[in-house]
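Report on the following structure.
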């Protein structure tokens with residue numbers, strides 16, 4: 001089966017922005033784009049009732065994906081665009097439709113008055129369950145697209161103590177496709193006794209910073225050797241990883257973070273760092289699942 005980039009479409013401005021971003025990404029990857037419109041069918045009397053003027057819900061659900069596909073083909077003539085219309089629960093249908101894809105792209109509403117996302121239940125459910133990279137895109141800001149911001153760096157959130165190969169490889173590949181630098185943000189915490197006012201002296205503080213910097217340098221060493229043409233900017237920072245990544249997102253084309261795959265009895269979840277970045281990043285966010 002030919003792999004593709006998949007975009008979820010529900011007719012909202014957020015999903016339309018996601019489809020445009022996905023078309024840019026498909027062109028960068030040389031892959032086809034599949035636009036998936038999930039329709040939750042209503043009983044026949046409701047489906048035939050006027051929704052917008054004389055248009056019924058059924059007609060609306062047919063028109064939206066058709067027109068979106070036509071527009072994408074006109075604006076991205078180099079991309080093979082296919083539209084699929086499926087029924088069912090949106091999270092289930094999107095995860096199922098993207099099981100053989102390279103990337104799934106969804107829209108997310110920007111928070112009114114402040115930068116960041118308002119991630120709905122569908123987006124969070126898909127991110128928590130999908131085992132392929134999922135990108136969330138805001139409607140208000142297209143600066144994450146390669147065509148809109150070719151020189152903005154890709155930002156990678158990395159845990160230097162437990163680096164995940166799949167996340168790092170994804171971030172390097174995205175930087176290479178865009179021909180831009182890769183900023184690697186590593187947020188680390190001070191020892192617990194800082195909370196009790198027992199701060200280290202200046203010498204010990206500097207030594208701790210050197211140790212964390214060395215840890216990040218060592219984690220990146222094999223990847224810099226593998227991708228010598230990519231400018232890598234390591235940024236070890238004391239404090240909240242999520243806060244530092246949100247700050248870095250303001251000048252980023254894409255923020256890349258990881259999510260550990262958990263299949264336990266409590267179900268899937270995304271973790272506090274990913275949750276914070278998803279809700280407050282001002283750039284598109286790619287969540288890469290890893291073991």
Next on the checklist: Using Cβ counts within 10 Å as a stand-in for footprinting exposure, how do 64, 257 rank, fewest first?
Outcome noted: 64, 257
Next on the checklist: Among 78-88, 272-282, how do they line up by average Cβ neighbours within 10 Å per residue, starting with the highest?
Outcome noted: 272-282, 78-88
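We did not get these values from a lab; they are worked out from the coordinates using the rules stated. All figures in this text were calculated on a predicted structure; none of them were measured in a lab. Using ideal geometry, Cβ is built from the backbone for each residue, glycine included, and neighbour counts are taken over all protein chains shown.
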